[in-house]
Amino acid sequence: MDEFTLRCFLAIVETGSFTKASQIVKRTQSAVTQQMGNLEKTLGKRLFERGKQIRLTRDGEVFLSYANKILALYLEVFDRFKYPELEGEIRFGLPEDFATMFLSDVLVDFSRLHPRILLNVECDLTLNLFDRFKKNAFDMVLVKMSRPEDFPNGVEVWSEPLEWIGKNPYIVSLEKKRPIPLVLSPQPCVYRSVAIEALERAGIPWRIVFTSPSYAGIIAAVKAGMGITALPRTMMPDTLEVIRKDFLPPLPDIHLSLLKQTDKNECLQSLEDFLIKKLTSNIHS
């Protein structure tokens, strides 16, 4: 049950396809199929229902939780021994919503593995983070933006379409002719600008009913039925729903990218490796 086998399994779960999974892990489809055959033989259980789309069996769903935990532990051990005695300071900026949803425990884990690295962490809106990064106020930033290749040390971590998010039964009352009530962060916010631009292109009237710079404030207002918001599906709590209204325009993909000032700093490289592995694991688990 090595790292490659676990990555193959998780890639199949993510894509629903052996072919697409082979592209992610950069191996042939036959190699991925063989790995899964060996894994099922080792466990003595069938993990996938094979058809037009690959689906997990009940045993596969049980194994999924273990696979994420095993891979996360493997990555922690690997990082600890690859960068054992690093020392320095990192100024790290990230959006508040991702800090709330995914990264608080991750940053604690990193600090535990590398106690001699001092992390100075600051949350802000993406466009503010990006502007301050260009002025060298941060060593590394996690930002919601596309085209990280425009920066010599940028890497895309994950992408996913934005969705219109709301709460039933309130969302049933939404009508095309009436202004759409929006719950959004203040300017400059990527989600805000994307949502408003999409509505204006579609000719749909809108109004801002609640503004908050915090993820918790946005979610609380939407839960209260004040209006709807735009979020990636992975950021949506279980108490809210994706809105399926034909008149609401589709929203583009949101891209999560890591930018760092240099690729010559081992502390930064260690944090980048750790964040990419942990974020990918958390988002897809």
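Among the residues making up the stretch 42-59, those that are touching a residue at least 40 places away in the same chain (Cβ under 8 Å) and under 25 Å from the mean Cα position of the chain (by Cα) are 54, 56. Taking strands (runs of 3 or more DSSP E) as the structural unit, those lying wholly within the stretch 86-163 and holding at least 2 residues that are under 30 Å from residue 15 (Cα atoms) and touching a strand residue (DSSP E or B) at 6+ places or on another chain (Cβ under 8 Å) correspond to 140-144. Taken together, the residues in the stretch 31-59 that are among the small types (Gly, Ala, Ser) and either buried (at least 18 other Cβ atoms within 10 Å of the Cβ) or at pLDDT 90 or above (or both) amount to 2.
Set side by side, the residues 240, 199, 251, 275 differ, and just one is under 22 Å from residue 93 (Cβ atoms) and buried (at least 16 other Cβ atoms within 10 Å of the Cβ), which is 275. When 39, 94 are screened for being hydrophobic (A, V, I, L, M, F, W, C), within 30 Å of residue 217 (Cα to Cα) and touching a residue at least 12 places away in the same chain (Cβ under 8 Å), only 94 passes.
Yes/no per residue for (1) touching a residue at least 12 places away in the same chain (Cβ under 8 Å); (2) over 25 Å from the mean Cα position of the chain (by Cα):
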position	(1), (2)
190	yes, no
202	yes, yes
243	yes, no
246	no, yes
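Annotation: of all residues in the stretch 245-262 being at pLDDT below 85 and touching a helix residue (DSSP H, G or I) at 6+ places or on another chain (Cβ under 9 Å), the one that is farthest from residue 153 (Cα to Cα) is 245. Against the numbered list (1) surrounded by fewer than 22 Cβ atoms within 10 Å (Cβ to Cβ); (2) modelled with pLDDT of 85 or more, residue 111 comes up short only at (2). Could you tell me whether any residue of the stretch 72-82 is under 21 Å from residue 19 (Cβ atoms), outside the structural domain of residue 114 (by TED's automatic domain parsing) and surrounded by 12 or more Cβ atoms within 10 Å (Cβ to Cβ)? No. Considering (1) out of contact with any helix residue (DSSP H, G or I) (no Cβ under 7 Å at 6 or more places or on another chain); (2) in the same structural domain as residue 93 (by TED's automatic domain parsing); (3) buried (at least 17 other Cβ atoms within 10 Å of the Cβ), the lone condition that residue 270 does not fulfil carries the number (1). Within the set 74, 66, the sole residue that is assigned to a helix (DSSP H, G or I) and touching an Asp or Glu at 6+ places or on another chain (Cβ under 7 Å) turns out to be 74.
The values are calculated or read from the model by the stated rules, or taken from the named source; none is laboratory data. Everything numeric here is computed off the predicted structure, so don't read it as measured data. Every residue, glycine as well, gets a Cβ built from its backbone with ideal geometry; the counts of neighbours run over all protein chains shown.
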